[in-house]
Number of protein chains: 4
Amino acid sequence: MKREKNFGISGERLKYGLVGGGPGSFIAAVHRTGIDFTRAADLVAGCFSRDSVKNRTAALEFGISNDRTYSTFDEMAKREAARDDGIDFAVIATPNNTHYAASRAFLENDINVSCDKPLCFTVEEALELASLARDKGLLFMVTYAYTGYPLIHHARELVRSGQLGAIRVVMCEYPQGWLSDRTEDSGNLQAKWREDPAQAGIAGCVGDIGTHVENLAHTVTGLEIESLSATLATFVEGRTLEDNAMITVRYKGGAVGHYWPSQVAIGHENSLAIRVYGSEASIEWEQEKPNVMRMMKKGQPPMILTRGGPGLGRAAARWTRIHAGHPEGAFEAWANIYEAFCNSLKRHIKGQPSDDLEYFPTVIDGMRGVKFIHDCVKSSKADSAWVNGASQYCV
Amino acid sequence: MKREKNFGISGERLKYGLVGGGPGSFIAAVHRTGIDFTRAADLVAGCFSRDSVKNRTAALEFGISNDRTYSTFDEMAKREAARDDGIDFAVIATPNNTHYAASRAFLENDINVSCDKPLCFTVEEALELASLARDKGLLFMVTYAYTGYPLIHHARELVRSGQLGAIRVVMCEYPQGWLSDRTEDSGNLQAKWREDPAQAGIAGCVGDIGTHVENLAHTVTGLEIESLSATLATFVEGRTLEDNAMITVRYKGGAVGHYWPSQVAIGHENSLAIRVYGSEASIEWEQEKPNVMRMMKKGQPPMILTRGGPGLGRAAARWTRIHAGHPEGAFEAWANIYEAFCNSLKRHIKGQPSDDLEYFPTVIDGMRGVKFIHDCVKSSKADSAWVNGASQYCV
Amino acid sequence: MKREKNFGISGERLKYGLVGGGPGSFIAAVHRTGIDFTRAADLVAGCFSRDSVKNRTAALEFGISNDRTYSTFDEMAKREAARDDGIDFAVIATPNNTHYAASRAFLENDINVSCDKPLCFTVEEALELASLARDKGLLFMVTYAYTGYPLIHHARELVRSGQLGAIRVVMCEYPQGWLSDRTEDSGNLQAKWREDPAQAGIAGCVGDIGTHVENLAHTVTGLEIESLSATLATFVEGRTLEDNAMITVRYKGGAVGHYWPSQVAIGHENSLAIRVYGSEASIEWEQEKPNVMRMMKKGQPPMILTRGGPGLGRAAARWTRIHAGHPEGAFEAWANIYEAFCNSLKRHIKGQPSDDLEYFPTVIDGMRGVKFIHDCVKSSKADSAWVNGASQYCV
Amino acid sequence: MKREKNFGISGERLKYGLVGGGPGSFIAAVHRTGIDFTRAADLVAGCFSRDSVKNRTAALEFGISNDRTYSTFDEMAKREAARDDGIDFAVIATPNNTHYAASRAFLENDINVSCDKPLCFTVEEALELASLARDKGLLFMVTYAYTGYPLIHHARELVRSGQLGAIRVVMCEYPQGWLSDRTEDSGNLQAKWREDPAQAGIAGCVGDIGTHVENLAHTVTGLEIESLSATLATFVEGRTLEDNAMITVRYKGGAVGHYWPSQVAIGHENSLAIRVYGSEASIEWEQEKPNVMRMMKKGQPPMILTRGGPGLGRAAARWTRIHAGHPEGAFEAWANIYEAFCNSLKRHIKGQPSDDLEYFPTVIDGMRGVKFIHDCVKSSKADSAWVNGASQYCV
């Protein structure tokens, strides 16, 4: 029973295991760096690759003992659950097609989960995972890490406190340019799996980065999608999945929005950006310049808010790690969601409530993302007909 | 017969008359400044206001003699046509609801026309005006002045010469914030007529600024709209016409686009902006910073092109009025379309072809704009159904 | 006696003559465009070139009659002064070496003057011209046109009204890159005369653009230079005059400043920029983006002020020609100083005071500029010793 | 003998001790985060505060055993040196006035050092430390962490490879606004010690941030200061040390530069910025936007280089931790200098050379900084006379 565990001092560390992260992997290293930043958890177990050589190589690199280096996540889940000093949570950083099975394996063995996005392939799977986590009383993070930036928490605070007034228009986009050619044919593994439905799921661009758009817009505004109309397109010849999407959104309450994820937008790296227009004020923020936010109040000159600078509130201060003027970046955003998750988990294990629960994205966000992907594909296939929106389902 | 006229020296000036421009008007003064800039035409006649006092006041201010100050545009058209020294062209700078009748009056009297946008209220009117101009052999400019910026001509040249490759995605927007409240109730006349269907036509935001979006996107890319799906919304209570629109566009040939005109986007002044993504390169341009353009070639660092700076072509050079580093602005854009119009008209009168014909927007652009407005309204009323696009009609 | 003249209606136009402006000249065309913009004065006479063919060619182009096309400015000054309908002011737009003689010729003949910068070559000449204008009761503008931008007037208003508090630091620079090579050897006439002491005077970069830095800083802050320390350098081999200068400034009252004019700063066009730091607030402005100004109040987020936007005062409003969001540029800045000059001149001729007198740069600014050039050269030659500053002399 | 130590596998970690870092300290936490990022060293010993309660509190927080928690750095140096498992290096993160004594203590006990900047108070002290390190064969880093940004390494590579041509002008500045009032009176400890000569040394602003300017300019350009002329000023009444400095620099070889550190520049946070102008190209970089650099080649449009993006070389790639488009920040810059230091130290201990030696700032940089501070103060006291520059001394 994990719950009996007692963290005597604030400094005691959690233990986690990693699924994925073998040589050549990218995102697992980002998870690890984010966690290390928090100083809240240690990597003690893993199933790093299906290839046994790669698996052991990674274990050696990470300093994991042989008896906690597993061939399958199932084995890992069972054996870690059986240990007195078993892992407190599992990090799942594999390609999309194993997210569901791996998450389920750990949940079924009473182990908390942090899974990369998208959560899984179908809404049914998502519901199953969300229900399982709820029923077992486990924490489940889905790592939409862009929401970890302090100014995103400030934006959300502005919306909630009514400083923007009634939200009218949301413009959110995530243009990238790296798939403007057949990058997947040039030996780029990151490109290759993204274009393979068996690994990536039913959507390409929408599944990979469109869900970040949906999650960011929802996190900041709290708006629920009433219906959406999507136009998916594949521009690069021979590609199976879409590489660009235009998505018009009607929110409950009357606001409208537009989401544009694209992987053929030459000149863009990770230009995730959000603009929210309310009846009293507006805000603009770009992921590539995460330490500044533009705020425009009705009838006043636009203001430049900076992380750590004047005019910010409690939420941004909570997640600021260094003085204003010293830029924070993506690793710090990852650290923030992991710190919120680990803090909450430490308290959860001791049966205590946590103020940090709202600062990391959960399985519900993951489920909303999966629903969004399916709705976009469904709408696009129906000549961009309006379909019910991403936020209809909840556990 | 105007055509017999001979401009003996390059410096000879055209003569023009003005409809509108009485005390308190805004846009007529912009037309006049643009024309003055060119030194190509003199104001010699006018029908400045229906109010006879205002009409004579304006005439006095502009130095127009009593016998060329007219009570109606019909009278002006007939009497100027009858003079040996009659006007070469009429400038129509009245509210939208007189554009059609005034334009027709001058065309019927063999007088060339420069009319503000939108051209008129219905596609049938637009067709009639376009046909009349064609049959009479008259020049007809519709003053989409944003296309007069030198870097827009450069953007068009880049597209035509294939430097962007095949166009894939067009993102074009025109957010303003000035109507985020009931500005029309506060005595702002500019706001008031725009929200009155009798004066503004069937659309608000789309008619006023959405047509600029459509015109800019078409001018730069040359793409024809195959179909569009529009979602119009009115956010300010009590307002009759829409103040925000989301418009998804499918172009002939497979490109897609999104247009966003808004008048409730707090913090924006005239943030008309276009981004064009091709298979080889992309460009970004903002009307409020018209002297710079970002160009992003595949696999290369983004470049900042400046008006007058290195890397530009013939078209931008043709319309640059001052050295790089000395900013040009909106008046120069107006001057450019008027210079292209006046140059072409001088040659047209002498029966000569003109290279400048492609550098000013014509009645065909005006007609396309009217069609666009109607298509947007039609689509929005049909739950954002796809409707045939703006470029289906041509004379 | 010019003073007897009566402008019966506000619209009556002044008459001016132009010295310089023959084929191939640059700055004279800018003067003319600025004046045309104001609709306050007509070009009626000129001495456009020493080359008689060029002189007559320009006269033909400008529509100037033969009897008012003069071979020398002396002839022009005398004969125009003798006419009942003689010119109200002369515009001197020749290379630097004729500024003094031409200005004196017109002043001596009781004709008001608008002269390009720098005013002349020596402080004694400058004093003579300033005294002459004062004694004759004539208006004398020196066209430091960058001070005509509306936001510069706003900046000055902020300083005067104490909104910046006590000024502490002024950073002002004008980097250009066009002389980073021996441009003067490639047939570029603009480069050639600038590097010839006989035509340009004792300084290169400091005389050409350093004076703009000095004038802008003085106009905005009102600070008087107590002493300065200059380090002039010539980087391009074979060049006679300096192409870069570092100038440290101590102002009366304790503030300090740094001026950096350069013509070897590759990548810059006309990047004149000023930053003023006070005890209560700071401002930043760049000539190439003249429609925005950054204002930073102590303890508050930075604000972006826009020409025509919220938060501006009377002075900026006075000189704004078009709504916010429609960019104004360099020609409008020229128009503004000419409008202030012409308005003042009309009233001056009628013996009336003018509120616009403070909105154009005068012979006193010109004299300060000449003193500044000499002080910089003197300091640099004395191993950057402190020398008395530019504002010691006044008439 | 440390040198006999053998790191059997690449992953073996170094051990380090920390001087400073008790409750409330700022910079020590930054050192620790930077080191943790590298996964190359563990904190095992410390002397965290002179206050024994604070010392033990910190030890508890950091998980340091009692026997390795020391009351003085002298004791720490001696006892760690005596252990078989003693620390490999000491991190000195105390106020400036203990840097010298603490550094010496560790060096004398054969322990490598990483010391915060400025290195010490006098040039003689600096020379002594540098000589000691050299004679003992120890590595000594001085943590000018801003040089750890990947684009700074790229800038240096551009200079070295001749892509900028001959360097002509260097503009470097570090404006801050946080001391524009008597912040030191409001209980801000960071402000207080900086304004106390006993703790901060002979200079305020120049010692605190001016040395960063000097170090950044030297790191990027490699230029040696021949002489400098400084004007120090104190604007806030009652303050002992200067809060603003204008420093003109002549480099060996003929280039000139200007350095502006300020702590009264309202609106600035940590706006360290450098611009380098060469005969072939120029570059611009700002610390607050560390992932982009502007490069301007002669006769070409300016380019925007991004960390991880196209057009970069080996050095930037070496220090890039995450894909382009995911911003890196200040912690990563700290991690980079610590990774270079730790990598070099591991190899150094084994008697091997290291390619990373050039990627961290050393005691020589620290010495140059101390010399720079003294030269600035000396020049300013002598009415800004030229004094020999910072790079005259070397070991």
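The values are calculated or read from the model by the stated rules, or taken from the named source; none is laboratory data. Computed from a predicted model, the values in this text were never measured in an experiment. As a convention, Cβ positions derive from the backbone with ideal geometry for all residues, glycine included, and neighbour counts pool all protein chains shown.
Results for (1) touching a residue at least 24 places away in the same chain (Cβ under 8 Å); (2) within 30 Å of C:ALA335 (Cα to Cα); (3) among the acidic types (Asp, Glu), shown as yes or no for each residue.
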{"residue": "B:ARG39", "(1), (2), (3)": "yes, yes, no"}
{"residue": "B:VAL44", "(1), (2), (3)": "yes, yes, no"}
{"residue": "B:ARG50", "(1), (2), (3)": "no, no, no"}
{"residue": "B:ARG56", "(1), (2), (3)": "no, yes, no"}
{"residue": "B:GLY63", "(1), (2), (3)": "no, yes, no"}
{"residue": "B:TYR70", "(1), (2), (3)": "yes, no, no"}
{"residue": "B:ALA77", "(1), (2), (3)": "yes, no, no"}
{"residue": "B:PHE89", "(1), (2), (3)": "yes, yes, no"}
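Given the conditions (1) at pLDDT 95 or above; (2) out of contact with any Cys (no Cβ under 8 Å at 6 or more places or on another chain), which single one is not true for D:THR72?
Of everything listed in (1) at pLDDT 95 or above; (2) out of contact with any Cys (no Cβ under 8 Å at 6 or more places or on another chain), D:THR72 misses just condition (2).
Within the range A:261-274, restricting attention to residues that are assigned to a strand (DSSP E or B) and buried (at least 22 other Cβ atoms within 10 Å of the Cβ), which residue is nearest to the other protein chains (Cβ to nearest Cβ)? Explain how you work it out, then say what you get.
Here is the first cut: in the range A:261-274, the ones assigned to a strand (DSSP E or B) are A:261-262, A:273-274.
Right, trim to buried (at least 22 other Cβ atoms within 10 Å of the Cβ) and you get A:261-262, A:274.
Working: A:PRO261: 11, A:SER262: 6, A:ILE274: 14 Å.
Per the stated criteria, the residue is A:SER262.
Against the condition within 17 Å of A:TYR338 (Cβ to Cβ) and modelled with pLDDT of 95 or more, how does A:ASP116 come out, does it pass?
When the stated conditions are applied, A:ASP116 passes them.
Can you name the condition, by its number, that A:VAL206 falls short on among (1) buried (at least 24 other Cβ atoms within 10 Å of the Cβ); (2) in a strand (DSSP E or B)?
(2)
Quick check on this structure: which one of A:GLU242, A:GLU237 is under 22 Å from A:LEU119 (Cβ atoms) and in the same structural domain as A:VAL370 (by TED's automatic domain parsing)? Break it down stepwise before answering.
Working: A:GLU237 fails: under 22 Å from A:LEU119 (Cβ atoms).
A:GLU242 is the lone residue from the list that is under 22 Å from A:LEU119 (Cβ atoms) and in the same structural domain as A:VAL370 (by TED's automatic domain parsing).
Got a number for residues in the range D:342-385 being of a type in the set (Phe, Trp, Tyr) and not in a helix (DSSP H, G or I)?
Total satisfying the criteria: 1.
Given the criteria part of a loop (DSSP other than H, G, I, E, B) and aromatic (Phe, Trp, Tyr), does A:TRP193 qualify? Outline the logic, then answer.
On the way: part of a loop (DSSP other than H, G, I, E, B): no; aromatic (Phe, Trp, Tyr): yes.
No; evaluated as a whole, the condition is false for this residue.
Has the range D:332-341 got any residue that is without any contact (Cβ under 8 Å) to a residue 40 or more places away in the chain, within 29 Å of D:ARG39 (Cα to Cα) and within 12 Å of another protein chain (Cβ to nearest Cβ)?
No - not one qualifying residue is present in the range D:332-341.
Give me the residue from the range B:102-146 that is over 20 Å from B:LYS78 (Cα atoms) and of a type in the set (Asp, Glu) and, out of that set, surrounded by the fewest Cβ atoms within 10 Å (Cβ to Cβ).
B:GLU124
Scan the range D:21-45 for residues that are part of a loop (DSSP other than H, G, I, E, B), hydrophobic (A, V, I, L, M, F, W, C) and closer than 14 Å to A:ARG321 by Cα and jot them down.
The one that is part of a loop (DSSP other than H, G, I, E, B), hydrophobic (A, V, I, L, M, F, W, C) and closer than 14 Å to A:ARG321 by Cα: D:PHE26.
Would you pick out the residues in the range B:295-310 that are closer than 15 Å to B:GLN163 by Cβ, touching a residue at least 12 places away in the same chain (Cβ under 8 Å) and surrounded by fewer than 20 Cβ atoms within 10 Å (Cβ to Cβ)?
The answer is B:LYS297, B:LYS298.
For the structure I just gave you, tell me whether C:GLU214 is part of a loop (DSSP other than H, G, I, E, B), within 30 Å of C:GLY308 (Cα to Cα) and modelled with pLDDT of 95 or more.
Spelling it out, it is not the case that C:GLU214 is part of a loop (DSSP other than H, G, I, E, B), within 30 Å of C:GLY308 (Cα to Cα) and modelled with pLDDT of 95 or more.
Name the single residue that is nearest to the other protein chains (Cβ to nearest Cβ) among those in the range A:60-85 being assigned to a loop (DSSP other than H, G, I, E, B) and crowded, with 21+ Cβ neighbours inside 10 Å. Give the derivation first.
The initial filter retains those residues of the range A:60-85 that are assigned to a loop (DSSP other than H, G, I, E, B), namely A:63-65, A:70-72, A:83-85.
Subset that is crowded, with 21+ Cβ neighbours inside 10 Å: A:64, A:70.
Working: A:ILE64: 11, A:TYR70: 20 Å.
That would be A:ILE64.
Are any residues in the range C:280-326 over 22 Å from the mean Cα position of the chain (by Cα), within 7 Å of another protein chain (Cβ to nearest Cβ), on the phi < 0 side of the Ramachandran plot and part of a loop (DSSP other than H, G, I, E, B), and if so, which ones?
Of everything in the range C:280-326, those that are over 22 Å from the mean Cα position of the chain (by Cα), within 7 Å of another protein chain (Cβ to nearest Cβ), on the phi < 0 side of the Ramachandran plot and part of a loop (DSSP other than H, G, I, E, B) turn out to be C:LYS298, C:GLN300, C:PRO301, C:PRO302, C:GLY309, C:PRO310, C:ILE322, C:ALA324, C:HIS326.
Could you identify the single residue in B:GLU226, B:GLU184, B:GLU214, B:GLU242 that is surrounded by fewer than 22 Cβ atoms within 10 Å (Cβ to Cβ), more than 9 Å from chain A (Cβ to nearest Cβ), among the acidic types (Asp, Glu) and touching a strand residue (DSSP E or B) at 6+ places or on another chain (Cβ under 8 Å)?
After ruling out the rest, the residue left standing is B:GLU226.
Listed residues C:LYS346, C:LYS381, C:LYS350; which is basic (Lys, Arg) and free of Cβ contacts under 8 Å to residues at least 24 places away in the same chain? Even if it seems obvious, please write down each step before you answer.
Working: C:LYS346 fails: free of Cβ contacts under 8 Å to residues at least 24 places away in the same chain; C:LYS350 fails: free of Cβ contacts under 8 Å to residues at least 24 places away in the same chain.
On inspection, the qualifying residue turns out to be C:LYS381.
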